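Peer 1: What follows is a single structure, and I will ask about it in a moment.
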Amino acid sequence: MKKILTMAAAALLALSFTACDDKLDVTNYTSPNTGNFPATTGDVNKELNGAYSTLNAMCQDPLQMPYFVWDIMSDEQNGGGGTGDVESHAIGHLTSNKATLFDHAWAALYQGVARTSTVIYGIDNFEWADQSQRNQLLGEALFLRAQYYLWASQMFGDVPAYWEASRPTPCPQVSAQDVIYPHIFADLVSASELMSKKVQGDGHATKYAAEALLARAYLFYQGFYKKQGEMATANPEAVELPADTYKGATAKTSLSKQDVIDALNDVIQKGGYKLVGDFRDLWQYTNKLTVDDYDYTKGVKGVDGQPLMWAGNGNSEEIFQIQFMNAASWNGTTGMGYCNQMELYAALRCDADAQKRQNGGPETFPFGQGWGQGTVTVSTWDNWPNSDIRKKASILNAPEELKGFVFTTSCSEDAGFYNKKMQPITALKGYDGTAATGTDWDNHSNRYTWWACLQDAYVNNNGNSMQGDHFGDLMLIRYADVLLMQTELTGDAQYMNKVRARAGLDPITYTWANLKAERQHELAFEGLRFNDLRRWSGINGGENCEAAQALEKAKEGQRVNYTGNWATMRHATSSWSKRYAETDGFLAIPSAEIEKVNDKTILKQNPGWGANVPEANIAGSPVYQ
C-alpha cells in the first residue's frame, strides 16, 4: 500500500515521538542551554523539524490557525457551522465567548519561537562539515521565527518577544511597530542570504519563500502602522534593521522599499515558479478521480487549452505551504494537525434537514460533509462579476449547483455559499474503477474522500475517512500573490495582468482600486483578505475606515439560513464597524497569560477586550429570526 507521506512530513512524525509533544510548553525547548544542545547535525534537524511541526499543531484546531481565523473575521466569510459553534460565531463577530479562546494559538506560536531560537543560537556548538547545510538550516529557522512573530503580532499586536537563546523571565511586551517588525525584516533578509537558491517543494522554507514573506510583512507594516496608503506612489523611509548576535546575520543595516521590490524581482526572475495553466487546476475538485464525473469540470478545457487537471501538492505555484500525511489521530497535541482540518471545518454542514436528508452523499457529489464553518457571505458572491471564472471556481453556490444540498436543522449563518478551494472532495470510483458503495458513503470508515480512493485496501490512520483523509497542502504563499504584491509596490500592471490572463481575463491598467479587486478575486479565502483590509485602512482607522465599512456592509442585514429557515444576520453585541474600530482587528491576549504575569507594565490586554467590555463578549451563539 502506498502511503500519503512526504519526506518533510516523515521527519515531523519522527520528531513527534522524541519531543515533548503532549503539552505546548516552551520551557521544554529552551531551559537547558545552547552550550550543550544542539550537539550534532541530527540535533539541529530534530529541533528544526519540531519548529515545522508547530505549523501542524496549529492546524489541529482551525479556530486557532491564523489562516482560518482571519478568513472568518473578514468580509468574505461568516462563522457558520452549527447553532452550538459559539467559537466560530464569536470570531466572526469580532468577539469572544471564553477567556481561553486563543490559548492554544498563543502557546503554539511561542513554542515555534522557542524551537527556532534553539537552532539559531546553538547552530555553531559543533564543527560543520558542510557549511552550506549549516546555512540552509539556520536560514530555515530564521524564516520560521519570522513567520511565528508575524502571526503573533498580526493576531495580538504588541506581544512579548525576545531574540536570544532562551526566553527571559519576565519577557515583556514590546512594540510591534518599533521592535518586532524590524526584527522580522532582519530575520527574513538574513534567511534569504543564507539559504540556497534551490526550490525544494517539500514543505521546507527556501530563499524565495523568505523574500516573498518579507514583502508580505513589509506591506502590512507600511500600510497598517505607517499608514502609507497606496504603496505604488508612497515613498516611505527606510527601516533601520537591528543587529543580531548569531553568526550569519545580515550586514544590511536598513530595508528600503526598493530592497523589497528587488527581493520580489529575485523570486520572479530566478525562483523558477510559474502559474499553473488554469486557475481551477489549483483546487482538488479537478483531481484525476473526480474531474471527469463532476458536471462543472468534465469535458472542460482550461484557459491553457488543456483538460482541467489538479496540479497537485508541491506544484509550480507553491512557494511555502503546510504539508500533511496519513498520521492523524484524535490523540496528542498535534494529532489531527497531520491532516488538513480546514477542509473538514469548511465542508458542507453535516446533520440533516427536517426530512432527514443529509449533505455529503452522492447527491452532493463531489463535495463531502463536515462542520460547515467559514461559510461565504452573500455579498462576496453578489459583488463578484460572473465574467470572472474564478467566481464559480472559488465559491460553491450549493443550492444552485447541488440538487441534493439541504440547509440542516442545526445550521447557522449559512447562505448556501461555501469555500470551494477548501472543500473535501469525493470520488464515484476508486483508482481501479470500482464504484463507491453505500457503506463508503454512509459510515465513512473505509473510503470517503478522493484521497481514500487512490490505492488498494486503504486504511486511514484515524479510522474515519470523512474526518481524517484531507491531505491537500495548505498554501501559505503562492506565486500569484508575489506577482500581485509586485504590482502593488511598483504600479506596474504587467504582473497583475499575468494573473488575470491565467483566469482568461483581458489586461487592465494599474489603479489602486483595480489592484485591490484583483487581490480579492485571486486570493479569496486564502487567509489574506482581513489583513489586506487592515493595511489599506491603517492603524486607528475608526468606524469609517475601509476595513470597518467592508465588514459592516458584508454582514449586517445579510440573508442567512438559521436552522433551515431564512433569517437576517445581525451583530451579536453592537456592530462590526464598531468592534473593528475598538480593536483594530487584534484579538484578545489570553487572560491566563496576563493573570500569570500580574503586572501591566510587562503584559496588558489589548484595547476593546476584557471581561469589563460588554460588547466584546458573547455567552452563546447568536439567534436569528
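The values are calculated or read from the model by the stated rules, or taken from the named source; none is laboratory data. If you're wondering where the values come from, they're calculated on a predicted model, not measured in any experiment. All Cβ positions, glycine included, derive from the backbone under ideal geometry; neighbour counts span all protein chains shown. What goes into the accessible areas is simple: the full protein's heavy atoms, side chains included, and nothing from ligands, DNA or RNA. Shrake-Rupley method; radii C 1.70, N 1.55, O 1.52, S 1.80 Å.
Peer 1: Determine whether region 565-588 contains at least one residue that is acidic (D, E), at pLDDT 95 or above and surrounded by fewer than 18 Cβ atoms within 10 Å (Cβ to Cβ). If you could, list the steps in order and put the result at the bottom.
Peer 2: At the first step, the residues of region 565-588 found to be acidic (D, E) are 582, 584.
In the following step, the residues that additionally are at pLDDT 95 or above were identified as 582, 584.
When the remaining residues are screened for being surrounded by fewer than 18 Cβ atoms within 10 Å (Cβ to Cβ), the result is none.
Checked against the condition, which is being acidic (D, E), at pLDDT 95 or above and surrounded by fewer than 18 Cβ atoms within 10 Å (Cβ to Cβ), region 565-588 yields no hits at all.
Peer 1: Turning to a different aspect of this structure: Looking only at region 317-331, which residues are under 21 Å from K420 (Cβ atoms), part of a loop (DSSP other than H, G, I, E, B) and either of a type in the set (D, E) or over 18 Å from the mean Cα position of the chain (by Cα) (or both)?
Peer 2: E317
Peer 1: Right, something else. Looking at (1) surrounded by fewer than 24 Cβ atoms within 10 Å (Cβ to Cβ); (2) assigned to a helix (DSSP H, G or I); (3) of a type outside the set (A, V, I, L, M, F, W, C), which is the one condition that is false for G504?
Peer 2: Failed condition: (2).
Peer 1: Next question. Might you let me know whether region 612-623 holds any residue that is more than 26 Å from the chain's Cα centre (by Cα), of a type in the set (A, V, I, L, M), closer than 18 Å to G84 by Cα and part of a loop (DSSP other than H, G, I, E, B)?
Peer 2: Scanning region 612-623, I find at least one residue that is more than 26 Å from the chain's Cα centre (by Cα), of a type in the set (A, V, I, L, M), closer than 18 Å to G84 by Cα and part of a loop (DSSP other than H, G, I, E, B), so the answer is yes.
Peer 1: Report yes if A114 is out of contact with any strand residue (DSSP E or B) (no Cβ under 6 Å at 6 or more places or on another chain), modelled with pLDDT under 95, farther than 15 Å from M155 by Cβ and of a type outside the set (S, T, N, Q), otherwise no.
Peer 2: no
Peer 1: Inspect all residues belonging to region 49-70 and state whether any of them is farther than 23 Å from T334 by Cα, of a type outside the set (S, T, Y) and in contact with a Cys (Cβ under 7 Å, 6 or more places away or on another chain).
Peer 2: Within region 49-70, none of the residues are farther than 23 Å from T334 by Cα, of a type outside the set (S, T, Y) and in contact with a Cys (Cβ under 7 Å, 6 or more places away or on another chain).
Peer 1: From (1) surrounded by fewer than 20 Cβ atoms within 10 Å (Cβ to Cβ); (2) at pLDDT below 95; (3) not in a helix (DSSP H, G or I), pick out the condition that doesn't hold for L24.
Peer 2: Condition not satisfied by L24: (1).
Peer 1: Just checking, does region 173-190 include any residue being over 30 Å from M73 (Cα atoms) and either open to solvent by 40 Å² or more (accessible area, probe 1.4 Å) or not in a loop (DSSP other than H, G, I, E, B) (or both)?
Peer 2: Scanning region 173-190, I find at least one residue that is over 30 Å from M73 (Cα atoms) and either open to solvent by 40 Å² or more (accessible area, probe 1.4 Å) or not in a loop (DSSP other than H, G, I, E, B) (or both), so the answer is yes.
Peer 1: Moving on to the next point. Report every pair of residues separated by at least 6 positions or lying on different chains whose Cβ atoms are under 9 Å apart, first residue within region 506-519 and touching a residue at least 60 places away in the same chain (Cβ under 8 Å) and over 16 Å from S537 (Cα atoms), second open to solvent by 50 Å² or more (accessible area, probe 1.4 Å) and not in a helix (DSSP H, G or I).
Peer 2: Cβ pairs passing all conditions: Y510/D492.
Peer 1: Taking the condition within 20 Å of P66 (Cα to Cα) and either assigned to a strand (DSSP E or B) or touching a strand residue (DSSP E or B) at 6+ places or on another chain (Cβ under 7 Å) (or both), does A548 pass?
Peer 2: Taking the combined requirement at face value, the residue does not satisfy it.
Peer 1: Considering only residues that are open to solvent by 10 Å² or more (accessible area, probe 1.4 Å) and either on the phi > 0 side of the Ramachandran plot or of a type in the set (S, T, Y) (or both), look in region 276-303 and name the one that is farthest from the chain's Cα centre (by Cα).
Peer 2: G299
Peer 1: Quick check on my filter: what residues within region 352-366 are assigned to a loop (DSSP other than H, G, I, E, B) and open to solvent by 60 Å² or more (accessible area, probe 1.4 Å)?
Peer 2: Selection gives A354, Q355, K356, R357, Q358.
Peer 1: Another question about this same structure. Starting from region 41-64, take each residue that is part of a helix (DSSP H, G or I) and small (G, A, S) and list its partners that are open to solvent by 10 Å² or more (accessible area, probe 1.4 Å) and modelled with pLDDT under 95, counting only C-beta distances under 6 angstrom and pairs at least six apart or across chains.
Peer 2: What qualifies is G50/L15; G50/A19; S53/L12; S53/L15; A57/T333.
Peer 1: Quick one: in region 472-501, of everything that is open to solvent by less than 50 Å² (accessible area, probe 1.4 Å) and small (G, A, S), which residue is nearest to H204 (Cα to Cα)?
Peer 2: G472
Peer 1: Additional query: Among the residues of region 96-109, is any touching a Gly at 6+ places or on another chain (Cβ under 6 Å) and assigned to a helix (DSSP H, G or I)?
Peer 2: So in region 96-109, the residues touching a Gly at 6+ places or on another chain (Cβ under 6 Å) come out as none.
No, every residue in region 96-109 fails to be touching a Gly at 6+ places or on another chain (Cβ under 6 Å) and assigned to a helix (DSSP H, G or I).
Peer 1: Might you let me know whether region 617-625 holds any residue that is more than 24 Å from Q228 (Cβ to Cβ), surrounded by fewer than 16 Cβ atoms within 10 Å (Cβ to Cβ) and touching a strand residue (DSSP E or B) at 6+ places or on another chain (Cβ under 6 Å)?
Peer 2: Scanning region 617-625, I find at least one residue that is more than 24 Å from Q228 (Cβ to Cβ), surrounded by fewer than 16 Cβ atoms within 10 Å (Cβ to Cβ) and touching a strand residue (DSSP E or B) at 6+ places or on another chain (Cβ under 6 Å), so the answer is yes.
Peer 1: Scan (1) in a loop (DSSP other than H, G, I, E, B); (2) within 26 Å of K197 (Cα to Cα) for the single condition L213 breaks and write down its number.
Peer 2: Among (1) in a loop (DSSP other than H, G, I, E, B); (2) within 26 Å of K197 (Cα to Cα), the lone unmet condition for L213 is (1).
Peer 1: Shifting gears a bit: Picking from E343, E400, which residue would you name as being in a helix (DSSP H, G or I), more than 23 Å from the chain's Cα centre (by Cα) and within 29 Å of F279 (Cα to Cα)?
Peer 2: It is E400.
Peer 1: If we scan region 378-390, do we find a residue that is in contact (Cβ under 8 Å) with a residue 60 or more places away in the chain, over 23 Å from L551 (Cα atoms) and β-branched (V, I, T)?
Peer 2: For region 378-390, residues in contact (Cβ under 8 Å) with a residue 60 or more places away in the chain, over 23 Å from L551 (Cα atoms) and β-branched (V, I, T): present.
Peer 1: Also, I was wondering about something else. What number of residues within region 121-170 satisfy the criterion of being farther than 28 Å from G42 by Cβ, open to solvent by less than 40 Å² (accessible area, probe 1.4 Å) and touching a residue at least 60 places away in the same chain (Cβ under 8 Å)?
Peer 2: Selection size over region 121-170: 8.
Peer 1: Closer than 28 Å to I539 by Cβ and within 22 Å of the chain's Cα centre (by Cα): is that true of G157 in this structure?
Peer 2: Details: closer than 28 Å to I539 by Cβ: yes; within 22 Å of the chain's Cα centre (by Cα): yes.
Yes; evaluated as a whole, the condition is true for this residue.
Peer 1: Something else: Which one is least open to solvent (accessible area, probe 1.4 Å), of the residues in region 216-243 that are in a loop (DSSP other than H, G, I, E, B) and of a type in the set (K, R)?
Peer 2: Here the answer is K226.
Peer 1: Working only within region 196-213, note down all residues that are within 16 Å of K252 (Cα to Cα) and open to solvent by 10 Å² or more (accessible area, probe 1.4 Å).
Peer 2: Matches in region 196-213: E211 only.
Peer 1: Step by step: first the residues of region 367-390, then only those that are charged (D, E, K, R) and buried (at least 18 other Cβ atoms within 10 Å of the Cβ), then the one that is farthest from M422 (Cα to Cα). Which residue is that?
Peer 2: D388
Peer 1: Any idea which residue in region 65-77 is surrounded by the most Cβ atoms within 10 Å (Cβ to Cβ), counting only those that are within 15 Å of I395 (Cα to Cα) and touching a strand residue (DSSP E or B) at 6+ places or on another chain (Cβ under 7 Å)?
Peer 2: Out of the qualifying residues, it is Q77.
Peer 1: Take the residues of region 521-546 that are closer than 28 Å to R502 by Cβ and without any contact (Cβ under 8 Å) to a residue 60 or more places away in the chain: which is surrounded by the most Cβ atoms within 10 Å (Cβ to Cβ)?
Peer 2: D532
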